[in-house]
Amino acid sequence: MPHRSESRANLFREGRMSVGLVLPIRTTDAEDIDFRQQVELAALAEQLGFAAVWVRDVPLNGPWYPEAFGHPDPFVMLGTIAAATSHITIGTAATVLTLRHPLHIAKAAISLDRLAPGRFVLGLGSGDRREEFAAFGENSDNRKDLHRAHWAELAAALERPSRIVRASPDPVIAFELRPSAQSLIPMLAVGSGGQSLDWIARNAPGWVTYHRPPRIQQGRHGLWRTAVERSAGGRFRSFSVALRIELVDDPAAPAEGIDIGYRLGARELIDVLGSMRDAGTHHALLNIVPNGMPARENLEIIARDVLPALG
């Protein structure tokens, strides 16, 4: 049986919902990212009882990209967070699988698994910005095929022992990836990657999608459950939702829709997350929108007023 820490084992449970945070967390829209502060916030999240911290993978910026601030490399950031924490789950949300070599991803993932045994979750997306694909010498029209091919290579490399499936031009040469993973590293599909839900259900232990209005999300969840029954033999497959939230001072403020989320008070956030849990969501990845409050204060409010109410 693979080694699994208590934190990762409890991240996805039927009938329950855990809550994680997406880094970076900012106070205002204008500020640059203090990478060291993000590590401190991850350590605070662990102290406050959040289940996970997730780091985004944004290789490049430009006028075509909506965010002006720069992002850290997710594996470097998570390695630092691993050293600053002891039990919180750490993950990528999501590594751009199409623009990184699968063996490089495997080496980084295994290194994190060794630094934080049983705590690392590898979220994988295909990327969708043609400008980034062009910069890396790829054509975004090929992203679906790239995603499938890279997924297969990566999955083989993360086996124990690792398998290198890319053929060598010289049959005499053999390759090994050492050390192999210490535990079974979950490869979560973040977004669809241009693949069908049946493909995701067959190949991934879980699917991370984005917030939609409840009625539409209910339909997406129904499609996911059908795909799991059809293509995964009914085995457990987690369903997670990435949600942007902008907290307001009034804890009773009703939820107002924003892009991929809500502007709302803490009490309403309890209802929103509770409804998501009851509809079958196992994990919520909260992306906190800058609201003028210090990042620490946002985390403390959610930990004090929201997490206990979710059980």
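Please treat every number below as a calculation from the coordinates, not as lab data. As the structure is a computational prediction, the values presented were derived from the model and not from experiment. Here the Cβ is made from the backbone with ideal geometry for all residues, glycine too, and neighbour counts use every protein chain on show.
Counting 0.36 nm for each residue step from L60 to L48 and taking away their Cα separation leaves a gain of 1.1 nm. Highest mean packing comes first when the peptides 66-72, 112-118 are listed by Cβ atoms within 10 Å, giving 112-118, 66-72. Shown is the FRET efficiency for R220 and F69, computed with R0 = 30 Å from the Cβ-Cβ distance and rounded to the nearest 0.05: 0.50. Extension gain, L184 to R114, is 24.1 nm, computed as 0.36 nm per intervening residue step minus the present C-alpha separation.
From the largest down, segment 1-151 spans 43, 41, 30 angstrom on the principal axes of its Cα atoms. For segment 188-311, the Kirkwood hydrodynamic radius comes to 15.3 Å, computed from all pairs of different C-alpha atoms. Pop the C-beta distance of R163 and E256 into the FRET formula with R0 = 30 Å and round what comes out to the nearest 0.05. FRET efficiency, R163 to E256: 0.05. With N as its number of residues, the chain has a Cα radius of gyration that, divided by 2.2 N^0.38 Å, comes to 0.98. Calculated FRET efficiency, A174 to F35, Cβ-Cβ distance, R0 = 45 Å: about 0.70 to the nearest 0.05. With the simple spin-label model, which puts each label point 7 Å out from Cα in the Cβ direction, the D305 to S196 separation comes to 4.6 nm. As a rough guide to protection, the peptides 193-203, 218-228, 235-245 ranked by mean Cβ packing within 10 Å, highest first, stand as 235-245, 193-203, 218-228.
Dividing the summed helix terms, -39500 (n - 2.57) for each DSSP H run of n ≥ 4, by the number of residues in the chain produces a 222 nm estimate of -11000 deg cm²/dmol to the nearest 500.
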